[in-house]
There are 2 protein chains.
Amino acid sequence: MNIGHASTQTGLPVKTIRYYEEIGLVAPDRAENGYRDFDAAQIADLRFLAQARLMGFSLDECRTLLALEADPSRHSRDVRALAEQNLVSVREKIANLQALEARLTVLIEQCHGDEAPDCAILDGLSHEA
Amino acid sequence: MNIGHASTQTGLPVKTIRYYEEIGLVAPDRAENGYRDFDAAQIADLRFLAQARLMGFSLDECRTLLALEADPSRHSRDVRALAEQNLVSVREKIANLQALEARLTVLIEQCHGDEAPDCAILDGLSHEA
DNA sequence: CTTGACCCTCCAGTTGCTGGAGGCCCTACC
DNA sequence: GGTAGGGCCTCCAGCAACTGGAGGGTCAAG
């Protein structure tokens with residue numbers, strides 16, 4: 001299966017698939033004309049990668065997850081640990097963004113938003129702790 | 001004021017300040033020995049930048065904000081528009097992360113997290129739509 | 001006069017792609 | 001048989017916003 005087909009099968013852009021090969025996440029064969037040739041297992045890996053990325057795992061974590069998936073003697077504990085770590089960082093990001101949202105909302109509310117130059121937002125950025 | 005002092009005054013790392021100069025956000029004088037020399041207004045600008053970054057504005061938006069701050073004939077409407085745009089994108093990010101959190105949480109709950117290889121997380125990544 | 005803390009510039013790397021240039025290959029149509 | 005269009009290839013550059021390090025000048029204290 002060539003890369004265009006692999007792309008439609010997995011939803012990953014062609015460029016992204018090439019990039020994943022470059023960093024060693026997938027290693028397709030080559031046809032005689034030099035075209036990449038993906039087999040079913042590699043397509044499955046790419047789908048797995050696409051899902052893992054959607055779940056917020058970094059490419060490095062994806063690499064580990066792929067290795068775990070390929071290892072029949074894995075412990076689900078290890079997978080879970082990775083996922084929990086990811087969850088923690090997602091929650092941290094949410095908390096930070098919510099704090100940001102609150103601060104921004106306050107500033108915006110205080111700004112008249114008219115033609116005058118006085119602006120609570122600029123004042124806030126200038127004088128805040 | 002040299003860059004080390006500017007750093008402690010603003011909380012910005014030295015490297016970051018140099019970077020901000022490189023991209024034209026601040027333009028300190030130079031002393032005879034080649035050292036950067038920041039005046040009070042430039043320190044204020046750096047503080048402003050630090051705050052604006054904390055509020056989630058991109059460096060490009062910061063550039064615009066600085067220009068607005070320097071312009072006495074500005075309209076607060078323009079500042080507010082920028083801030084509102086920023087708020088929208090913050091809220092989008094929060095929504096995306098919350099969706100992620102929900103999906104991750106479900107997967108993690110279904111994984112035993114023991115020594116067996118069976119893992120709902122890996123299954124979810126393999127078979128999910 | 002040396003030690004250590006500054007400062008300087010320039011280059012490379014981070015994350016995860018994305019876009020483009022320049023060029024081969026393959027199929028279809030005239 | 002020639003050509004037009006796609007698709008494929010590699011390699012290089014760039015995005016955001018820094019960060020780290022090499023290699024070297026400067027400065028104040030003891």
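Residue of chain A with the smallest Cβ distance to the axis mapping A onto B, distance rounded to whole Å: A:Ile94, 3. Label-point spacing for B:Asp60 across the identical copies (point 7 Å from Cα in the Cβ direction), in nm and ascending order: 2.9. Each copy carries a label point for B:Arg30 at 7 Å from Cα along the beta-carbon vector; from one copy to the others these points are 4.9 nm apart, nearest first.
Relative contact order for segment B:1-57: 39 percent, from Cα pairs under 8 Å spaced at least 6 residues apart, divided by residue count.
As a length-normalised measure over Cα pairs under 8 Å and 6 or more apart, the relative contact order of chain B settles at 15 percent.
Given R₀ = 45 Å, what would the calculated FRET efficiency be for A:Glu22 paired with B:Val106, taking r from the Cβ atoms and rounding to 0.05? For A:Glu22 and B:Val106, the calculated efficiency is 0.85.
Annotation: lysines with alpha-carbon distance below 18 angstrom to A:Lys93 (same-chain offsets under eight excluded): B:Lys93. With all protein chains kept in place, the per residue accessible area of chain A amounts to 55 square angstrom at a probe of 1.4 angstrom. Between chain B and chain A, the total buried accessible area stands at approximately 4600 Å², from heavy atoms with a 1.4 Å probe. Between B:Ile94, B:Val106, B:Ser126, the Cα set farthest toward the positive side of the dipole of segment B:75-129 (charges on each charged residue's Cβ, about the Cα centre) is that of B:Ile94. Which GluC sites (Glu not before Pro) in segment A:21-119 sit in a loop by DSSP (not H, G, I, E or B) and have at most 15 other Cβ atoms within 10 Å of their own Cβ? Here the sparse-neighbourhood loop sites are A:Glu32, A:Glu115. A simple charge model with +1 on the Cβ of Lys and Arg, -1 on the Cβ of Asp and Glu and nothing else charged puts the dipole of chain B at about 620 debye relative to its Cα centre. Within the accessible area of chain B, the carbon and sulfur atoms contribute 50%, probe 1.4 Å, all protein chains present. For segment B:1-79, the list of chymotrypsin sites (Phe, Trp or Tyr not before Pro) that fall in a loop by DSSP and count at most 15 other C-beta atoms within 10 angstrom reads B:Tyr35. Once you reduce segment B:59-129 and segment A:55-118 to the center of their Cα atoms, the two points are 7 Å from each other. Take A:Glu115, push a point 7 Å out from Cα through the beta-carbon direction, and compare it with the same point in every other copy: 7.8 nm, smallest first.
The values are calculated or read from the model by the stated rules, or taken from the named source; none is laboratory data. Keep in mind that what you see is a predicted model, and the values were worked out from it rather than measured. With ideal geometry, Cβ positions are generated from the backbone for all residues, glycine too; neighbour counts draw on all protein chains shown. Quick note on the areas: whole protein, heavy atoms, side chains included, nothing else; ligands and nucleic acids left out. Shrake-Rupley method; radii C 1.70, N 1.55, O 1.52, S 1.80 Å.
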